[in-house]
Amino acid sequence: MSDTVYLVVVIASAALLAVGASLAIVRAERGPSMLDRTIALDVFTTTLVGAIALEAAFSRRTDTIPILVVLSLVGFVGSVTIARFASVEPEDEGRIRTADEIAAEDAARREAEEADRESAVDPEHHGGAPEGEVR
C-alpha cells in the first residue's frame with residue numbers, strides 16, 4: 001500500500017472516529033435518562049480506544065497496547081457498575097412464590113376481570129344515575 005493511500009485511510013478513520021465521539025458527547029449531554037448517558041459514555045470510551053489504536057497503527061508502536069486494555073476494562077467495568085445500580089428491583093421480585101400465593105393471585109385477578117365484565121354488561125348499575133334518581 002502506498003503512503004498516500006495509507007495516510008488517506010488514517011485521516012478518514014480519524015474523521016469518522018471524531019464524528020462518533022462528538023455525537024456520543026452530545027448524546028451524553030442531552031440524555032434524557034441515566035442509561036442514555038451511560039451508553040453514550042461507553043460509545044465515547046470505545047471511540048477513544050479506536051483513536052488510540054489508530055494512532056498506534058499509524059506510528060507503528062506496540063507500547064500503547066496496555067493502555068488500550070486498561071481503558072477498555074475501565075469502560076466495561078464502569079458501564080456494568082452503572083447498569084447494576086440503575087436497575088432497581090422490587091424487594092419481592094427475586095422471591096419465588098409458593099403455589100398457594102400464585103393461586104390466590106390468580107383468583108383475585110379472575111374476580112377483578114369478572115367484576116369488570118359485569119360493569120360493562122350492566123351500565124345502569126355502575127355508569128348510570130344513582131339508585132332512586134330519575135334522569
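Just so you know, all these numbers are worked out from the coordinates, no wet-lab data involved. Note that the coordinates shown come from a computational prediction; the quantities given were computed from them, not determined experimentally. For neighbour counting, all protein chains shown are included, and Cβ atoms are generated from backbone atoms with ideal geometry for every residue, glycine included.
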- Task: Would you please put 65-73, 38-46 in order of how densely packed they are, using the mean number of other Cβ atoms within 10 angstrom per residue and starting with the highest?
- Result: 38-46, 65-73
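Between Arg97 and Ala12, what is 0.36 nm times their sequence separation minus the Cα-Cα distance? Round to one decimal in nm. Show your work: numbers first, answer last.
Details: separation 85, 0.36 × 85 = 30.60 nm, distance 5.71 nm.
Using 0.36 nm per residue and subtracting the Cα-Cα distance, I get 24.9 nm.
Once you order the gyration tensor axes a ≥ b ≥ c over the Cα atoms, which shape class does the stretch 1-85 get: rounded for a/c under 1.5, otherwise prolate or oblate by comparing a/b with b/c?
Working: a/c = 5.04, a/b = 1.69, b/c = 2.99.
Oblate.
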- Message: Please give the charge dipole size of the stretch 1-85, origin at the Cα centre, charges +1 on K and R Cβ atoms and -1 on D and E Cβ atoms. Round to the nearest 20 debye.
- Response: 180 debye
- Leading residue at positive end of dipole, the stretch 1-85 (Cβ point charges), from Ser22, Ile82, Pro66: Ile82
